Structures are given as C-alpha cells and as structure tokens.
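Got a structure for you, written out below as structure tokens; questions coming shortly.
The values are calculated or read from the model by the stated rules, or taken from the named source; none is laboratory data. As the structure is a prediction and not an experimental result, all values here were calculated from the model. Note: ideal-geometry Cβ built from the backbone for every residue, glycine included; neighbour counts use all protein chains shown.
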Amino acid sequence: MQRAGWMGAVMAALTVAGCAPILNIEGTFFPAWMMCLALGIVLTVVVRQLLVVLHLEPHLGPPLLIWPALGLLLTMLTWLVLYRT
C-alpha cells in the first residue's frame, strides 16, 4: 500500500516537472531554474560582501548554515519574482 502512494507521488512530480518555464538563450533552451540558481548564488555573494563591509558577518552565526540557507532563500525569491503566475 505504501509503495502505491510513493509511485503516485513520483508520477505527480514527473507530470508537474514538464510545466517548468524554458528559456531560449543564444538559440539553446535552458530550464529557468538554472538561471534562478545562478542569480541566487550571485546575490548571495553580493549580500555577503555587503555584510563584510558593514562588519556584520561575525554576528550571523555558523557560516556553513547561514550562507547555503541565504542562497536557497534568494534563489526561491528570484523564482517567485521572475516566474509567478
């Protein structure tokens, strides 16, 4: 019974994955999430540099936790800003 639920979830994910926006860049097609990931990483580096200049970085907490979380947040916000419907 649990296997059927798992297979249903996989099928639903594969069906929804086909709805992702596709970008035409220089004649080739890329999934839009690749651009959002790149922008999220660039924005994370910019925010880090800004916090270093303002001397706030030492007060944030463990960098191994903070920077990936910020990168994920900025990636998801980029997706929402560019591709919300």
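Could you tell me how many of the residues in segment 67-85 are β-branched (V, I, T) and either part of a strand (DSSP E or B) or exposed (fewer than 15 other Cβ atoms within 10 Å of the Cβ) (or both)? Before the answer, list the steps.
Keep residues of segment 67-85 that are β-branched (V, I, T), which gives 75, 78, 81, 85.
Among the residues that remain, those that are also either part of a strand (DSSP E or B) or exposed (fewer than 15 other Cβ atoms within 10 Å of the Cβ) (or both) are: 81, 85.
So the count comes out to 2.
List pairs: first in segment 17-42 and exposed (fewer than 11 other Cβ atoms within 10 Å of the Cβ) and part of a strand (DSSP E or B), second at pLDDT 70 or above and of a type outside the set (A, V, I, L, M, F, W, C), Cβ under 7 Å, 6+ apart or cross-chain?
These pairs meet every condition: I22/P31.
Considering each residue of segment 28-57, count those that are among the small types (G, A, S) and out of contact with any Leu (no Cβ under 8 Å at 6 or more places or on another chain), and give that number.
Initial filter on segment 28-57 (among the small types (G, A, S)): 32, 38, 40.
Those still in the list that are out of contact with any Leu (no Cβ under 8 Å at 6 or more places or on another chain) too: 38.
Adding up the residues that qualify gives 1.
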